[in-house]
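Computed from the coordinates by the stated procedures, all read-outs in this text should not be read as laboratory data. These figures come from a predicted structure and were not determined experimentally. Note that we place each Cβ from the backbone using ideal geometry, even for glycine, and neighbour counts take in every protein chain shown.
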Amino acid sequence: MISIVDDQLRREARAYRLLFMCEECVNYDENAACCVHGYPTEPHSNVDLSKVTEVSFCKEFELG
Ligand code: SF4
C-alpha cells in the first residue's frame with residue numbers, strides 16, 4: 001500500500017515510533033538480507049521518511 005509522506009505523517013511517525021520497515025519485521029532474515037516470504041524488500045527497507053514523499057507499506061509486516 002503506497003502512502004503519501006507529508007510533514008504530518010513524519011511528525012506522527014516520530015511521536016508514535018512508527019515501525020514498518022523490513023528490518024523491523026519478523027519475516028526479515030537479517031543474515032540473508034531478504035524476506036522469508038520472498039517479497040521484494042527494496043520498497044520497505046531502510047526508508048528515511050525525511051527524504052521520501054511516498055512510502056510503500058507491506059501488508060505482510062509483522063512486528064519482529
Ligand atoms: S513481510 Fe514485508 S515487511 Fe516483512 S520482511 Fe517481508 S517484505 Fe519486508
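How long are the three semi-axes of the equivalent ellipsoid for the chain, computed from the Cα gyration tensor as the root of 5 times each eigenvalue, in whole Å, largest first?
For the chain, the ellipsoid semi-axes come out as 22, 12, 10 Å.
How large is the dipole of the chain about the Cα centre if only Lys and Arg carry +1 and Asp and Glu carry -1, each at its Cβ, rounded to the nearest 20 debye?
Numbers: 6 positive and 12 negative charges, 49 e Å.
Dipole about the Cα centre, nearest 20: 240 debye.
Which distance in nm do the two modelled labels at Arg11 and Glu30 give, with both placed 7 Å along the Cα-to-Cβ direction?
The answer from the label model is 3.4 nm.
Just going by the charge dipole of the chain, with Lys and Arg at +1 and Asp and Glu at -1 on Cβ, which of Leu9, Phe57, Phe20 is farthest out on the positive end?
Leu9
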